[in-house]
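Report on one structure; see the data block that follows.
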Amino acid sequence: MDLLAAQLAVSRATLYRVAGSRDALLGNALWALGDRLLGQARATRRERGTDGVIEVSRRFYDRMRASRPMRCFVDSEPQTAARVLFTPSGEVHRRAILVQRDIFVETGAGAASPDLFGLAFLYVRIMESVLYSELFSGSDVEFRIAERALRALLDG
């Protein structure tokens, strides 16, 4: 935050007043990256229903795994990454749930669910588990493994 304040030519107090906290600032930056990559994945979707949701998720997974800034951040600051990505301090998880709910609506998936927010919550947690598997277990998990669980959640 000191370096960023200096680069922006503002005081630390001003930076904290605007950003709120380091976690909030990181959360906003990570969300901007993720939202851009997710938007690209959504824009190229061809399928509807469960297949459309899975198509968007696979494309997003591929883009996120290829993102050097994201990989660098997760590798260099795993505890901060986990806190910002998975807890309310960074708001990333909550935003991801809301967007996932929108993806269900736009693809027509999950229509039978009386609780799209709850369905989106579970879907996002599975996606987080595969996207950031190294934070949980130290090893990578391929999307094809998670795809079975994601389909079961949507079709079950």
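The values are calculated or read from the model by the stated rules, or taken from the named source; none is laboratory data. What you see is a predicted model, and the numbers here were worked out from it, not measured in a lab. Cβ placement follows ideal geometry from the backbone for every residue including glycine, while neighbour counts extend to all protein chains displayed.
Structure notes:
- Subset of region 132-152 (residues that are closer than 23 Å to residue 48 by Cα, of a type in the set (A, V, I, L, M) and either in contact (Cβ under 8 Å) with a residue 60 or more places away in the chain or crowded, with 17+ Cβ neighbours inside 10 Å (or both)): 146, 150
- The number of residues in region 9-42 being modelled with pLDDT of 80 or more, charged (D, E, K, R) and touching a helix residue (DSSP H, G or I) at 6+ places or on another chain (Cβ under 7 Å) comes to 2.
- Taken over region 95-131, the residue count meeting the criterion of being within 20 Å of residue 39 (Cβ to Cβ) and loosely packed, with under 15 Cβ neighbours inside 10 Å is 5.
- Every test in (1) farther than 20 Å from residue 38 by Cα; (2) of a type in the set (D, E, K, R); (3) assigned to a helix (DSSP H, G or I) is passed by residue 147 save one, and that test is (1).
- All positions within region 25-63 that are surrounded by fewer than 18 Cβ atoms within 10 Å (Cβ to Cβ), free of Cβ contacts under 8 Å to residues at least 60 places away in the same chain and in a helix (DSSP H, G or I): 29, 32, 33, 36, 39, 40, 43, 51, 63
- Count of region 90-117 residues, restricted to those that are more than 19 Å from residue 128 (Cα to Cα) and assigned to a helix (DSSP H, G or I), is 3.
- Identity of the residue in region 69-89, of a type in the set (D, E, K, R) and in a helix (DSSP H, G or I), that ends up surrounded by the most Cβ atoms within 10 Å (Cβ to Cβ): 83
- Per-region count, region 69-95, residues among the hydroxyl-bearing types (Ser, Thr, Tyr), free of Cβ contacts under 8 Å to residues at least 24 places away in the same chain and closer than 15 Å to residue 31 by Cβ: 1
- Residue under evaluation residue 66, criteria (1) among the hydrophobic types (A, V, I, L, M, F, W, C); (2) surrounded by 14 or more Cβ atoms within 10 Å (Cβ to Cβ); (3) without any contact (Cβ under 8 Å) to a residue 40 or more places away in the chain, criterion not met: (2)
- Residue check, residue 125 under 14 Å from the mean Cα position of the chain (by Cα), of a type in the set (Lys, Arg) and in a helix (DSSP H, G or I): yes
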